[in-house]
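One structure is given here, and the rest of the page talks about it.
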Amino acid sequence: MTRVTITFLFAALVLGIFAVAHAADQYPLRPVRLVVAFAPGGVADVVGRLVAGALQPRLHQSVIVENKPVGDGQVGMGEVVRAAPDGYALLVGGFGGQIIPPLMNDDFPFDVRNDLVKIALTAEFGNVLVVNNNLPVHSVADLVAYLKARPGAVNFGSSGLATSDRLAAEMFMLDTGTKIVDVPYKGGGMALSDMMVGTTQVMFPQLPAVLGLVTSGQVHALAVTSRQRLSQLPEVPTLDESGLPGFHVSSWNELFGPRGLPDNVRNILSDALVDAISNEPELREKMKQLGVEPIGKGHTEAEAFFNEELVRWKKVIDQTGIKLEH
């Protein structure tokens, strides 16, 4: 290789690095794609669209939501993991997509701790312990006594194996020494419908899915799984208050980017979301009406929270022995 060729290649490399850095400094120069790895209409999708609406005026670019509801969320995640780390392909995900499946599947194809950059923690939503209206219980203590007198005779519906409602039920059985039989569904809607007619009797659905049914009296709420009472159901106690100290299950959403995302791009996105969630009363109210608690924490807090959740739920899953079927 001649000296001229080496010089040319070196110059091209320097110019390429300069071009990437310059593009990052000018971010965003074109529309941003926001991947939601679940179907339209679900909590992840609704939060994703609220995130897109919050980012768009702050980035001065279109933010386009794309739903990729195949492969249990792995297809959508894979698109972002393998995308160019330039901030134009982002992922809305969280508890049910990036924490639980990797811990339940020894062959999970991604290293979620390192393959995804944590940009911002956007929202949190607790689960609600609800029972069929014909079940003769009016409190958590009543339910525990009822279950202990009938081990294995009561069913609970779950919206899937790697879900917060299933894990909440498993934790409840561990903490109370009771046995409830899991009836798995391929989504929360049918599970709730069957519980209302009595096919199952107990469920731990996410608040956004069950809020309307609780307020309309179609199901009876005994407790919430969050650390504090929920503003949408202020009269419903927490499980901690109901005799299960330390019981806490909440789903949540974060915004992620691919490994290698430039710090300044991450900071632009993080600052934009924190500003929107902290300072836009209309956005906060929309979230609360959906049963979602607005959080709005930046990348440092988002990463620390993500890592804490991985450690916490690994202990739970190791204890229960739940694994995803291949």
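The values are calculated or read from the model by the stated rules, or taken from the named source; none is laboratory data. Computed from a predicted model, the values in this text were never measured in an experiment. Please note: Cβ atoms are built from the backbone with ideal geometry, for glycine as well, and neighbour counts cover all protein chains shown. Heavy atoms of the whole protein, side chains included, go into the accessibility calculation; ligands, DNA and RNA do not. Shrake-Rupley method; radii C 1.70, N 1.55, O 1.52, S 1.80 Å.
What to note about this one:
- Any hit, the stretch 246-257, residues being of a type in the set (S, T, N, Q), touching a residue at least 60 places away in the same chain (Cβ under 8 Å), touching a Phe, Trp or Tyr at 6+ places or on another chain (Cβ under 9 Å) and not in a strand (DSSP E or B): no
- Residue count for the stretch 92-106 under the criterion of being open to solvent by 10 Å² or more (accessible area, probe 1.4 Å) and either in contact with a His (Cβ under 7 Å, 6 or more places away or on another chain) or among the hydrophobic types (A, V, I, L, M, F, W, C) (or both): the result is 1.
- The criterion of being more than 19 Å from the chain's Cα centre (by Cα), assigned to a helix (DSSP H, G or I) and either more than 19 Å from N127 (Cα to Cα) or basic (K, R) (or both) holds for N267.
- When the test is whether a residue is part of a helix (DSSP H, G or I) and open to solvent by less than 40 Å² (accessible area, probe 1.4 Å), V128 does not pass it.
- Matching residues, the stretch 266-287, being in contact with a Leu (Cβ under 9 Å, 6 or more places away or on another chain) and small (G, A, S): S270, A272, A276
- Complete set of residues in the stretch 214-230 that are in contact with a helix residue (DSSP H, G or I) (Cβ under 7 Å, 6 or more places away or on another chain) and either open to solvent by 30 Å² or more (accessible area, probe 1.4 Å) or part of a strand (DSSP E or B) (or both): Q218, A221, L222, A223
- Within the option set S159, S139, being small (G, A, S), within 30 Å of S216 (Cα to Cα), modelled with pLDDT of 95 or more and open to solvent by 10 Å² or more (accessible area, probe 1.4 Å) holds for one residue only, S139.
- Applying the criterion of being modelled with pLDDT under 95 and crowded, with 20+ Cβ neighbours inside 10 Å to the residues of the stretch 271-292, the residue that is nearest to the chain's Cα centre (by Cα) is V292.
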